[in-house]
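In what follows, a structure is listed as structure tokens, so that the remarks can point back to it.
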Amino acid sequence: MSGKITLHYFNGRGKMESIRWLLTVAEVEFDEIYLTTREQYEQLLSDDDLLFQQVPLVEIDGMKLVQTKAIFNYIAEKYNLHGKDPKDRVMINMYSEGLMDLMEMIMILPFVSDTKPKLDNIQKKANERYLPVFEKALAGPVYLVGGKLSCADVLLMECTLMLEEKFTGILADFPNIKSFQGRMTRIPAISRFLQPGSKRKPQPDEIYSKTVLEVFKMTSLPLP
Ligand code: GSN
């Protein structure tokens with residue numbers, strides 16, 4: 001059915017969580033099929049569903065899409081969350097890429113043995129490189145680009161909540177970002193998403209990392 005959106009991924013955040021956030025803000029319903037066994041992954045491979053043998057996979061509009069950023073951008077464009085013109089769009093993409101770089105560093109933590117140096121590095125980068133950019137961009141404007149809600153705002157919301165989970169009080173020196181979070185929380189779809197029982201996934205636990213490694217028959221992820 002072309003009207004139905006189905007996400008194929010683990011029952012955890014990983015690379016799919018930003019897509020869940022974006023669909024939620026676009027107020028679009030979606031189903032999820034959780035990857036829990038090697039057999040399911042092999043079935044997707046033998047059905048030729050995974051262009052590069054990787055998930056996330058999203059079935060939407062009669063297509064089977066892979067590559068997180070391509071999926072994310074398609075959804076952003078389709079639901080009018082990707083700016084009004086190319087100049088807005090390039091700014092949105094620059095902000096989004098930065099936020100994805102930062103979130104990627106957090107995303108790999110469940111697969112890292114010595115997390116302390118990684119956490120220290122993330123905190124330093126967040127404080128010195130990333131958060132100042134968004135604090136400045138939000139000095140006045142309600143949204144990051146073009147006076148209108150975009151996918152970059154959605155990523156900033158997701159990312160800053162992730163940072164606060166790891167580093168309590170990290171936004172204390174970033175009042176514009178803190179106010180932005182407050183405004184975003186008042187968007188009804190986001191408010192519902194932040195309630196227990198929504199499709200938002202919790203922080204990764206051992207079951208999540210064990211499942212990922214089992215499905216890919218790995219003992220550890222090939223990390224950068
Ligand atoms: O962003 C993307 O969708 C791709 N550039 C990378 C997707 C990816 O790395 N997927 C992983 C699982 S999600 N976690 O990291 C994956 O499917 N790995 C299996 C493999 O054989 O590469």
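Bear in mind these aren't lab numbers, they're just calculated from the coordinates by the rules spelled out. This one's a predicted model, so the numbers in the text were calculated from it and none came from an experiment. Here Cβ is always computed from backbone atoms with ideal geometry, including for glycine, and neighbour counts include all displayed protein chains.
What number of residues within the stretch 125-145 are within 24 Å of Leu23 (Cα to Cα) and surrounded by 14 or more Cβ atoms within 10 Å (Cβ to Cβ)?
The qualifying residues number 5.
Residues checked against (1) of a type in the set (D, E, K, R); (2) touching a residue at least 24 places away in the same chain (Cβ under 8 Å); (3) in contact with a Phe, Trp or Tyr (Cβ under 8 Å, 6 or more places away or on another chain):
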site	(1), (2), (3)
Leu50	no, no, no
Val58	no, yes, no
Asp61	yes, yes, no
Lys64	yes, no, no
Gly83	no, yes, no
Met100	no, yes, no
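Can you tell me which residues in the stretch 107-147 are farther than 13 Å from Thr160 by Cα and polar (S, T, N, Q)?
If the condition is that a residue be farther than 13 Å from Thr160 by Cα and polar (S, T, N, Q), then Ser113, Thr115, Asn121 are the ones that fit.
In the stretch 1-48, which residues are surrounded by fewer than 18 Cβ atoms within 10 Å (Cβ to Cβ) and acidic (Asp, Glu)?
Listed by number, the residues that qualify are Glu27, Glu29, Asp31, Glu32, Glu39, Glu42, Asp47, Asp48.
Do any strands (runs of 3 or more DSSP E) lying entirely in the stretch 1-75 carry at least 1 residues that are within 13 Å of the ligand (Cβ to nearest atom) and more than 24 Å from Pro202 (Cβ to Cβ), and which ones are they? Give the derivation first.
Details: elements: 6-9, 31-34, 57-60, 63-66.
Correct list: 63-66.
Got a sec? Which of Pro110, Pro141, Pro117 is over 19 Å from the mean Cα position of the chain (by Cα) and not in a loop (DSSP other than H, G, I, E, B)?
Values: Pro110 fails: over 19 Å from the mean Cα position of the chain (by Cα); Pro141 fails: not in a loop (DSSP other than H, G, I, E, B).
After ruling out the rest, the residue left standing is Pro117.
Return the total of residues in the stretch 106-157 being farther than 18 Å from Ile177 by Cβ and either of a type in the set (S, T, N, Q) or within 16 Å of the ligand (Cβ to nearest atom) (or both).
So the first thing to find is which residues in the stretch 106-157 are farther than 18 Å from Ile177 by Cβ, and the list is 107-121, 146, 148.
With the extra rule that they be either of a type in the set (S, T, N, Q) or within 16 Å of the ligand (Cβ to nearest atom) (or both), the set shrinks to 107-113, 115, 118, 121.
Of the residues in that region, 10 qualify.
Scanning the stretch 76-92 for residues that are closer than 15 Å to Ile19 by Cα and not in a loop (DSSP other than H, G, I, E, B), which turns out nearest to the ligand (Cβ to nearest atom)?
Keep residues of the stretch 76-92 that are closer than 15 Å to Ile19 by Cα, which gives 76-82.
This time we only want the ones that are not in a loop (DSSP other than H, G, I, E, B), so: 76-78.
Numbers: Ala76: 15, Glu77: 17, Lys78: 18 Å.
Per the stated criteria, the residue is Ala76.
Of the residues Ser191, Ser150, Ser209, which is among the polar types (S, T, N, Q) and without any contact (Cβ under 8 Å) to a residue 60 or more places away in the chain? Explain how you work it out, then say what you get.
Numbers: Ser150 fails: without any contact (Cβ under 8 Å) to a residue 60 or more places away in the chain; Ser209 fails: without any contact (Cβ under 8 Å) to a residue 60 or more places away in the chain.
The conditions single out Ser191.
Restricted to the stretch 84-124, and to residues that are among the aliphatic types (A, V, I, L, M) and more than 23 Å from Gly12 (Cβ to Cβ), which residue is surrounded by the fewest Cβ atoms within 10 Å (Cβ to Cβ)? Can you show your working first?
To start, the set of residues in the stretch 84-124 that are among the aliphatic types (A, V, I, L, M) comprises 90-92, 94, 99-100, 102-103, 105-109, 112, 119, 122.
Checking which are more than 23 Å from Gly12 (Cβ to Cβ) leaves us with 90-92, 94.
Values: Val90: 12, Met91: 17, Ile92: 23, Met94: 14.
That would be Val90.
Answer yes or no: is there a residue in the stretch 194-207 that is crowded, with 17+ Cβ neighbours inside 10 Å and in a helix (DSSP H, G or I). Walk me through it before giving the result.
Narrowing the stretch 194-207 to residues crowded, with 17+ Cβ neighbours inside 10 Å: 200-201, 204.
Narrowing the set further to residues that are in a helix (DSSP H, G or I) leaves none.
Within the stretch 194-207 (the criterion being crowded, with 17+ Cβ neighbours inside 10 Å and in a helix (DSSP H, G or I)), the answer is no, since none of the residues qualifies.
Quick one: in the stretch 146-179, which of the residues that are under 19 Å from the mean Cα position of the chain (by Cα) and outside any helix (DSSP H, G or I) is surrounded by the fewest Cβ atoms within 10 Å (Cβ to Cβ)?
Phe167
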